[in-house]
Structures are given as structure tokens and as C-alpha cells.
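The values are calculated or read from the model by the stated rules, or taken from the named source; none is laboratory data. Quick caveat: nothing in here was measured; it's all calculated off a predicted structure. Every residue, glycine as well, gets a Cβ built from its backbone with ideal geometry; the counts of neighbours run over all protein chains shown. For the accessible areas, the whole protein counts, side chains as well, though only heavy atoms, and no ligand, DNA or RNA atoms are used. Shrake-Rupley method; radii C 1.70, N 1.55, O 1.52, S 1.80 Å.
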Amino acid sequence: MKKMLLLIAMISLIAMSLFSQGSEDSAAPAAPVASATEAGTPGAPIKLRALIGSWNTMAATVEDRKDFYEKQLLAWAERHPDVYVEIEGIPGGTTAQAMTKLITAALAGNPHDFANIDSQWVGNFHEAGVLSPIDAYLDDADKTQFFDFTKMVTMREGRQYGLWAETGLLLYYWNENISPEPPAVWEDVFALNDKLKKSESDMIPFLTIAKGASAAFAFLPFYWAQDAILFDPADNFRPVFGEGRNREAMIKTLNFYRDLLAAGAMPPEIISYEHNEVAAEAKAGNAASFIGGSWLLGQLNVEDWGYGSLPMYKEGVESNIYGGWTFGFLAKDERKLEASVNFVKEVYTDKEAMSERLPLHGYIPVRKDVLSSEGFNTPFYNEIFKQLEVGRARPATSLYPDVEVLVEVAIGKIVAGETDTAKLVDQMFADVSAAYNDR
Amino acid sequence: MKKEGNFKLVYWFLPLAVILVFFYLYPLADAIRLSFTNTRIGKLDSVYTVRSYIRVFSDPDLLIVLRNTLVFVVFTVFFQLFFGLLVGLLLETQLRGMGILKVAMITAWVVPGVIAGITWNIMFSSSAWGVINNTFELFGGNRVPFMTRPATALLATIITNVWRGTGFSGILQYGALRGIDPQLYEAADIDGANSRQKFFRVTLPLLKPMLMINLVLITIATVNTYDAIWSLTQGGPGIATTVLSLQTYKSTFLRMNLAQGAVYAVLMIVSSIVFTTIYLRLMKGQDHA
């Protein structure tokens, strides 16, 4: 008897829940919504799933960013009443886990329809063959206004698979009270060290970043400046950094780090420093100059700090590196793919959205028409425009993360006392070459 | 009748058996299977091969990683047991403030490894905000670059893990101490035993079973620790604090090499089995003694 009662109760509950669902569906069309987890019109015929960095959604912790995304999402929802987007956020600091999960889901046939993809991970998605081409949904401006370095990552064999949303690059910051003329070449950094030592200053002459993924980020511009490459795109992205001129450049760059450490021009603590830590040392008055992200300028007292090109191994050479996030499209259904591209363009990457959005974050626009517009005609953005002409994006190959890990380890070994940089380069090259051959 | 009883027993154990097979045995078997492939995250096509083992065993850094793991595990386990025993004995005294000590111990234990690593990283820092170095300076000492020298960085990881795990060890020892019959101490008093004799002749022998269980549990937990080390040193400088669990994480999630990550995971399983077997042999030997 008890069992029968229990069964009747369960059937009633299921029936009630189905009924309530049905009555919701038959109600008048819902109003557009915008929140950290959803956008659009609930119950709309096209339902999308998106994976977006939390900082690029209404989950942003800064109020004006949050207000901006609410305004953008509601405006988009008004224009597209037939689309509803379920948003999953990528928490800060979980890039590797989020990208790994996404690529695994994509290979299992259950990915999000579109996703924020860290630019250094795009190569993994290309090689997994999970991205959908979006050329059919791009207009002329989308094809011509993005900087070339973005296309080297988002395009494969003439087809475009993603849209670059924002970037950041490196700047060399120097305290103008200590050094009115910035060091332009490596010798100048050593000269600054000598000058500070002579004046018995406790200031750190030169700081850079050598922790985590940022270690390779800050290292590679010095390497690329010597006309060297990590992988050969013409040969299926075969690693070449341990061969010929590339090997010499890699050794020379590691020697630069080794010699800076030996001379006391750079402290071993760099292996604990990310961008925010070097900025903290600068703000505390402990550093005379440092290399850090372009977004750090807002944290500094601009009257004391100059910014510009990184010091290079010889005069007349400039180099930089571009990070940032793209949007990749994984939907296979054409209607969903088109709706996904429209969402990304209207909320994030078209001229108006990018012009308004990126200054709120301190990120750098990747469209020429945005950077050359009146609002960006400032000394800072003019310098950025110059830097965007001399750098490279990280190579779009699934083996780049291997190089990133090994460069950090190599710098750490130098800090720990290793002096044979040729041995370090050969060990790194053997490791990545083995990974390439085993694929 | 007996057969029916056995059948019922199997019936009741079935859910547990299913959980064990699907959530423990299957992942273990799959990790071993993956170690014999060339699988990378993001690639569907993989082949069976022993190349991942060859790559791992021919890596010149492997010996350093194994040495780091041994030093990290041995010192962490020894000090967690030692300080845990002291904490247990202190709690047993029922002095004032022991409630606060209990809460402090449990708090350290429940703090996630990442938070523990970040907190100790700030404390060990050579910068102006490093409280440990500031204390050294206050007493006329020199600043120690904990994170940039291989030996001090490894020491820092051991200190962090000992701090984190002592609470768990202490609470277990305290529980065991509470279970010792007070009449045994009264009998020892009547026999004229002093405090030292009571500790070595009564307390320690009766604590041994729990000490052994504790030893096995904290050894396995220490072999598996990677989160606190990751947030404290990221395995550096170089690979000076990289242990097997961290190498597994780096291979799998940073380099996307699932096969080599699985090889390191197999090495972790083997090292856990080796440590546990040694302990069990010791325990057995003492039981016979």
C-alpha cells in the first residue's frame, strides 16, 4: 500500500513539473535577459552555448565593465529575438584546465557553439580539426581591418576560423628620475646597473617576468629580434629552435639572462614574478626599469615612468609579442554558427564594440580602424600602434605549450646556477623534437 | 540456508563493488593503458607504444624529480608524524587553550593546498612583504632567498606541507591517545615508572597501530601533493622542487601529453605501493616481535 502511494506521489510530481514546463512554453514571448550566465530571449528557437572568460561577461568584478556588458547584451538581444545564449564563464587563472576541457568536449562531439580561446591555444584547436570556418559570415571590414598577426593564428589554408578579441603586448618601463634616457640595447642595461652601483643605490636596475606562461612571453621578443623562429610553418610546424642561427639566438638570449643575474643587474626573484609583481616592485620604488604588460601603465604614476620599446641585442632592432584571447567557433549547424559569429561581432569585436570595450579593460585593440580612430589618438596608443608593427603572435601549433614550459624551466635552472646555456638549449630542443616525432 | 546468506551478502556489497570498479579500478587500468600509447589531449588518433616510457626514462631530469620526491615525502612524513604526536600529547593534557589549538590544527588541514601555497609564498618572499625575512632582519639576520635556491626552495615546500598536514596527524594521534585505558598509567605509577618510562613503555606501544595507519595515509597524501607546491614554487627554480605529482600535472595539462603524464602517474602508484609495502612489513614485523 505504501509503495503504491509512493508511486502515485512520484507520478503526480513528474506530471506537475511537465505541466508547469508546458504552461511556460505556451506563455507570451519572454523579455530579453542579460546576466553572467545567459543572454537573449528565453525560449528562442536558436539556443547557443558559449564559454567566455568571466572577465568578459557580466561576472566582471569592475562595475563599469559589468554595465558595459549588460548594455551590449541587451542591445544584441533586442536585435536577435530568435537567439538565446547560455553562458559558461572561464574563471581567471584556469586557462589550461578550461582549454583542455573544451578541446576534449569538442573531440567527443559535445562542445560549446563558440568559445573564448586563449590565442596560444588556437593551434591545438586547429590541429584537432574542431573549429568551423566562418568566412561566409564576415564582412569586408572583418577581413581587412584586423592586424596581420591575428590572421596568422586565426586562419589556416586561406580560411578564417576565429576572431581575435583583444591583445596585450610588452612594454619596457623606466623610471625617468633615474634614467631619463631609456636603455636601448642590452649593454645599456648593464651600464644602468653600473651607474646604480656607483651611486650605492639599492634599486633593482632591470626586472622581467619569469614565472609560468609569462616567462616565455617576456623571453621570446629578445629571441625573435635576432631573426630567429621556433617552428617552421612551411614544414608542418617542425621545431627548429635548436638548429643553426635559431640555436645561436636561443643561446644568446639565455646568456643575456645569465649575465644579468651574474652582474646583479636582475634579481633571481624574477622566477616568482608575474606582471603584477613587477609592477608592485616598481610602485614601491624598488625598480629602476622593468618589462611588463602594456596594461600595467594604469598602475603607475605616469609622471615618473616612461615606456617604449624593449632593449634589444643591437641598435635599430625592435621586437614584441602579442598575447590575448580570440573567439573560436565550434558549432557545425549553419544557423547556430551564423548566430554565434553575429553575437561575437556585435558584443565584442566590431569597430564600435571594440572601441568602447577595450579601454575599460586596459587591453589593446587588434583592428586598425579602431586604433586609428580619434579616441585612440593619444601618445600611449601611438606607441602601441608602433609596437603592433614589430612583433609576432605566439606560433599556432600544439607544441608551443611545450616550449613555454621548457623556457620557464631553463630560466629557472640558470637562476639555480646552471651556466651551460648551450646544454639547456640542446636539451629543450631534443625534448620538443621528440614530442613532434611522437605525435 | 548458508548459501542464501552468502547470496545476500553479495547482494549488499554489489553497489560498493560497482563503485570500486567504475571509479577506482577502471581509471587505474585506463591510466596504465594510456601510458602505453602516444595520446595527446586534442588528438583522437593514438597508437600503442612504449615510447612514452622510453622518453620519460631517458629524460635527464627524471632522476632529479625522483630525488625531490623522495626527500619531500620522507621529510614531510617524518615531521608531520613527529609534530602530530606532539600536538596529540599537548591536546591530551587538557590545558587551557587546547580548544583553540584544536581549531587551529583543523583549520590548517582544511585550507586548500593552493591557498596554503600562496600564503607561504608571500611569507617566504625576499621582497619587502616577506614576513619571514623581515623577522630575520629584525633579529639582525640576513634575508634568505628561499624561492631562488634549490635547497631552500625544497625546504620551503616541506615546511608548507608539514604545516598543512600536522593538524590531521595530530587529531588522529589525539584520538588514539584518548583510547588508552587510564588504568594502565595508574598501574605504571604503582610500579614506580617515571614520565619517560610511561611514554616509551605504555603510550608509544599502544599508539603504534594508529601511527602506522597515519604513516600510510600521510605518505599517500604526500606523494599525491602537487597543489601547494604548484602555487608555492611552480616546481622551480628550474625543476628543483618538481616532484612526481607535479611532473604528472605539467605533462598532462600544460604540455597536453596525456601518455607521458600517465607514465608519471604509474610511477606515483609504484612509489606509493613501495612506501606502503615497507610500512606494512614493518608493522607485521612488530606484531610478531
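So here's what we get for this one:
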item: Pairs, first at positive phi in segment A:225-244, second at pLDDT below 95, C-beta under 7 Å, six or more apart; result: A:Phe237/A:Pro395; A:Phe237/A:Thr397; A:Phe237/A:Leu399
item: Output for segment B:231-283, where each listed residue is within 12 Å of chain A (Cβ to nearest Cβ) and polar (S, T, N, Q); result: B:Ser231, B:Thr233, B:Gln234, B:Thr241, B:Thr242, B:Gln247, B:Ser251, B:Thr252, B:Asn257, B:Gln260
item: Residues satisfying the stated conditions in segment B:109-165, i.e. over 18 Å from A:Asn276 (Cβ atoms), buried (at least 20 other Cβ atoms within 10 Å of the Cβ) and over 26 Å from the mean Cα position of the chain (by Cα); result: B:Asn133
item: Hits in segment A:395-438 - residues which are open to solvent by less than 30 Å² (accessible area, probe 1.4 Å) and either without any contact (Cβ under 8 Å) to a residue 24 or more places away in the chain or touching a strand residue (DSSP E or B) at 6+ places or on another chain (Cβ under 7 Å) (or both); result: A:Pro395, A:Thr397, A:Leu399, A:Val405, A:Val409, A:Val432, A:Ser433, A:Ala434, A:Asp438
item: Test: residue in segment A:354-364 that is within 14 Å of chain B (Cβ to nearest Cβ), surrounded by 17 or more Cβ atoms within 10 Å (Cβ to Cβ) and of a type in the set (D, E, K, R); result: no
item: Residues within segment A:283-331 that are open to solvent by less than 20 Å² (accessible area, probe 1.4 Å) and in contact with a His (Cβ under 8 Å, 6 or more places away or on another chain), tallied; result: 4
item: Residue ranges of helices (runs of 4 or more DSSP H) in segment A:107-204 with at least 3 members open to solvent by less than 60 Å² (accessible area, probe 1.4 Å) and out of contact with any Lys or Arg (no Cβ under 6 Å at 6 or more places or on another chain); result: A:122-128, A:148-154, A:186-198
item: Test for B:Ile171: is it β-branched (Val, Ile, Thr) and within 13 Å of the chain's Cα centre (by Cα); result: no
item: Selection count where residues are part of a helix (DSSP H, G or I) and either surrounded by 12 or more Cβ atoms within 10 Å (Cβ to Cβ) or among the acidic types (Asp, Glu) (or both), scope segment B:176-204; result: 15
item: Total residues in segment B:143-183, condition of a type in the set (Phe, Trp, Tyr) and in contact (Cβ under 8 Å) with a residue 60 or more places away in the chain; result: 2
